[in-house]
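Here, each number is a calculation from the coordinates, and none is a lab measurement. Bear in mind the structure is a predicted one, so any value in this text is a computation, not a measurement. Glycine gets a Cβ as well: all are built from the backbone with ideal geometry, and neighbour counts include every protein chain shown.
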Amino acid sequence: MWYTNFADRLEAWTQLRTRITTLDAEPALDLVNKWWYNAPWKPYYLHWDDKENWPDPWQLLSDNVFCELARGLGILYTISMIDHPDLASAKLVLTEDERNLVLVNKTKYILNYNQEVIVNTRLTENIKKSFTLEEVKQKYN
């Protein structure tokens, strides 16, 4: 179920972030990934070449349009706004086969691949572009 108005989306996102701070890494990431997979999907909303103009976390929720890249960005924004010691390293990447994945703790966890969190998987594809947790924190914190 996705939320029909911005206020409800914002409240649900706040509750999600509060809830995952007390969970271990894997169940926390599972909740984040599944929450963003409920977002309404629409192709080609964001593009890597327009990275400087990507919406901030609140605008992303307000726009309510989520391609694979926007969903990955939402996942990364969510991780960036919580204080969880096991999730201190994350980045959104574009792979050579054009997948937009969120890698947490190097590649211990891979999100935005499907509705399940991929655990302890070795990423065999080359990374073409990335947006790191540190970049998000510099820009929005």
(request) Select from the stretch 83-101 the residues that are outside any loop (DSSP other than H, G, I, E, B) and in contact (Cβ under 8 Å) with a residue 60 or more places away in the chain and write down the one among them that is surrounded by the most Cβ atoms within 10 Å (Cβ to Cβ). (result) 87
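Results for (1) among the polar types (S, T, N, Q); (2) over 15 Å from residue 25 (Cα atoms), shown as yes or no for each residue.
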site	(1), (2)
80	yes, no
94	no, yes
99	no, yes
118	no, no
139	no, yes
(message) Out of everything in the stretch 102-141 that is part of a loop (DSSP other than H, G, I, E, B) and basic (Lys, Arg), what residue ends up being surrounded by the most Cβ atoms within 10 Å (Cβ to Cβ)?
(response) 108
(message) Just to confirm my filter: which helices (runs of 4 or more DSSP H) fall fully inside the stretch 8-82 and include at least 2 residues that are aromatic (Phe, Trp, Tyr)?
(response) 25-37
(request) Answer yes or no as to whether residue 70 is without any contact (Cβ under 8 Å) to a residue 40 or more places away in the chain, surrounded by 13 or more Cβ atoms within 10 Å (Cβ to Cβ) and at negative phi. (result) yes
(message) I'd like the full set of residues that are surrounded by 14 or more Cβ atoms within 10 Å (Cβ to Cβ) and among the aliphatic types (A, V, I, L, M), limited to the stretch 1-49.
(response) 10, 12, 16, 20, 23, 25, 28, 29, 31, 32, 39, 46
